[in-house]
Amino acid sequence: MRNVSLDEVDRSGRAVLPIGTDYAPGQLLDWHEHRRAQFLYGATGVMVVDTAEGNWTVPPERAVLIPAATRHRVRMLGVRTRSLYIEPDAVPWWPATCTVVEVAPLLRELLAVAVDFEADYSLSGREGVIATLLLHELYGIAVGAPLPFHVRIPGSADLAALCRDYLAHPDAGVGNAEWAARVAMSERAFTRRFRAEAGESPAVWRGRARLLAAVPLLRTASVTEVSGRLGYASPAAFTAAFTRAFGTPPSRFDAASPAVPTGARESAGRTGRNSPGASGA
């Protein structure tokens with residue numbers, strides 16, 4: 001199915017519903033939630049997923065696992081998606097929070113085929129076998145290590161507002177004193193409170209947020225241009241920080257270079273007592 005609303009087919013008797021969608025540049029899918037779990041894969045472009053708990057940047061040719069009934073919004077930056085909407089009881093091993101993952105070549109090929117299924121595709125033939133294989137592939141990545149393209153959002157409204165504003169407008173000149181003043185706290189008390197809610201210091205948080213902001217910028221600008229825009233002393237300093245944080249250099253996402261997955265995770269051979277088996281089709 002292509003460019004159809006999930007609401008039109010959600011009550012289908014199929015546990016796995018593949019839908020491919022083409023989005024306008026910069027399109028925002030405002031706050032919403034799905035009854036089903038969602039595997040959201042960007043075949044092109046960059047996605048930025050926001051929930052009350054955190055912010056996830058999804059580089060090209062990666063995906064994000066979104067738990068069922070999770071309120072979220074997504075900004076689509078030059079994106080064509082290949083989504084799977086899955087009945088929650090078919091994926092008891094699904095992560096409890098959004099998770100960015102690699103997408104192996106086999107899974108990409110299966111998605112490309114599955115998005116042409118009808119809502120009532122046959123469970124007994126080739127389409128049913130592909131749906132079952134999709135669940136096996138998803139299990140392999142869901143139980144593996146997530147990619148680190150994520151920052152936590154503090155629970156309190158005032159600190160969350162600071163963080164969301166910074167994500168929208170990252171500025172290397174902003175420091176703890178300015179943030180503390182904006183929430184009418186001493187710098188020491190603010191830093192202690194922020195660390196308790198976000199799990200890291202404000203400075204470390206801002207550093208990661210700036211690096212996440214680089215991912216969509218690299219779609220249209222070079223490493224040199226992005227490093228300057230984000231306030232790094234040199235492209236080498238930016239490259240070192242980016243690689244240290246995300247395990248891959250920014251040149252992998254540079255506008256001058258095609259996006260290449262950073263090493264597809266082997267998933268086909270994994271098994272376990274919670275493996276999906278044939279029950280998902």
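The values are calculated or read from the model by the stated rules, or taken from the named source; none is laboratory data. Please read all numbers here as calculations on a predicted model, not as lab measurements. Every residue, glycine as well, gets a Cβ built from its backbone with ideal geometry; the counts of neighbours run over all protein chains shown.
Is it the case, given these coordinates, that W31 is touching a residue at least 12 places away in the same chain (Cβ under 8 Å), under 15 Å from F149 (Cβ atoms) and not acidic (D, E)? Even if it seems obvious, please write down each step before you answer.
Values: touching a residue at least 12 places away in the same chain (Cβ under 8 Å): yes; under 15 Å from F149 (Cβ atoms): no; not acidic (D, E): yes.
It is false that W31 is touching a residue at least 12 places away in the same chain (Cβ under 8 Å), under 15 Å from F149 (Cβ atoms) and not acidic (D, E).
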Quiz prompt | Residue that is farthest from P88 (Cα to Cα), among those in the stretch 1-26 that are surrounded by 14 or more Cβ atoms within 10 Å (Cβ to Cβ) and among the polar types (S, T, N, Q) | solution = T21
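Can you go through A161, A198, A180 and tell me which one is surrounded by fewer than 17 Cβ atoms within 10 Å (Cβ to Cβ) and either modelled with pLDDT of 95 or more or within 26 Å of T243 (Cβ to Cβ) (or both)? Before the answer, list the steps.
Values: A198 fails: surrounded by fewer than 17 Cβ atoms within 10 Å (Cβ to Cβ); A180 fails: surrounded by fewer than 17 Cβ atoms within 10 Å (Cβ to Cβ).
None of the others qualify; the one that does is A161.
Would you say D50 is at pLDDT 95 or above, of a type outside the set (S, T, Y) and more than 14 Å from the chain's Cα centre (by Cα)?
On the way: at pLDDT 95 or above: yes; of a type outside the set (S, T, Y): yes; more than 14 Å from the chain's Cα centre (by Cα): no.
Criteria not met by D50.
Does A119 satisfy the condition of being part of a loop (DSSP other than H, G, I, E, B) and either touching a residue at least 40 places away in the same chain (Cβ under 8 Å) or in contact with a Ser or Thr (Cβ under 9 Å, 6 or more places away or on another chain) (or both)?
Values: part of a loop (DSSP other than H, G, I, E, B): yes; either touching a residue at least 40 places away in the same chain (Cβ under 8 Å) or in contact with a Ser or Thr (Cβ under 9 Å, 6 or more places away or on another chain) (or both): yes.
For A119, the condition - part of a loop (DSSP other than H, G, I, E, B) and either touching a residue at least 40 places away in the same chain (Cβ under 8 Å) or in contact with a Ser or Thr (Cβ under 9 Å, 6 or more places away or on another chain) (or both) - is met.
Would you please name the residue that is nearest to N55 (Cα to Cα), looking only at residues in the stretch 185-203 that are touching a helix residue (DSSP H, G or I) at 6+ places or on another chain (Cβ under 9 Å) and among the aliphatic types (A, V, I, L, M)? So that I can check it myself, show each step before the final result.
First, the residues of the stretch 185-203 that are touching a helix residue (DSSP H, G or I) at 6+ places or on another chain (Cβ under 9 Å): 185-191, 193-195, 197-203.
Among the residues that remain, those that are also among the aliphatic types (A, V, I, L, M) are: 185, 189, 198, 203.
On the way: M185: 25, A189: 25, A198: 12, A203: 17 Å.
Filtering first and then ranking leaves A198.
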Exercise. With the condition kept exactly as written, say whether any residue in the stretch 215-224 is in contact with a Gly (Cβ under 7 Å, 6 or more places away or on another chain) and of a type outside the set (A, V, I, L, M).
Key: yes
Exercise. Report, by residue number, each residue of the stretch 78-100 that is more than 23 Å from M1 (Cβ to Cβ) and aliphatic (A, V, I, L, M).
Key: A96, V100
Quiz item: How about the stretch 201-249: which helices (runs of 4 or more DSSP H) wholly inside it have at least 2 residues that are free of Cβ contacts under 8 Å to residues at least 12 places away in the same chain and not small (G, A, S)?
Solution: 223-229, 235-246
Practice problem: Select, from L40, L84, the only residue that is outside the structural domain of D165 (by TED's automatic domain parsing), over 20 Å from R219 (Cα atoms) and crowded, with 22+ Cβ neighbours inside 10 Å. | Solution: L84
Quiz prompt | Where G140 falls short, out of the listed (1) outside any helix (DSSP H, G or I); (2) touching a residue at least 12 places away in the same chain (Cβ under 8 Å) | solution = (1)
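Would you check which residues across the stretch 135-186 are among the acidic types (D, E) and in the same structural domain as R244 (by TED's automatic domain parsing) and list them?
The first filter runs over the stretch 135-186 and keeps only residues among the acidic types (D, E), leaving 137, 158, 165, 171, 178.
Passing the criteria: D158, D165, D171, E178.
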Quiz item: If you check every pair at least six apart or on different chains, which have Cβ atoms under 6 Å apart with a residue in the stretch 182-199 that is over 12 Å from S156 (Cα atoms) first and a residue that is not in a helix (DSSP H, G or I) second?
Solution: R195/S201; G199/R152
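Within the stretch 155-210, how many residues are small (G, A, S) and either closer than 16 Å to G231 by Cβ or under 22 Å from the mean Cα position of the chain (by Cα) (or both)? Walk me through it before giving the result.
In the first step, residues of the stretch 155-210 are kept if they are small (G, A, S); the result is 155-157, 160-161, 168, 172-173, 175, 177, 180-181, 184, 186, 189, 196, 198-199, 201, 203, 207, 209.
Adding the requirement that they be either closer than 16 Å to G231 by Cβ or under 22 Å from the mean Cα position of the chain (by Cα) (or both) leaves 155, 160-161, 168, 172-173, 175, 198-199, 203, 207, 209.
Total satisfying the criteria: 12.
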Practice problem: For A181, indicate whether it is of a type outside the set (V, I, T), over 28 Å from V79 (Cβ atoms), part of a helix (DSSP H, G or I) and out of contact with any Gly (no Cβ under 6 Å at 6 or more places or on another chain). | Solution: yes
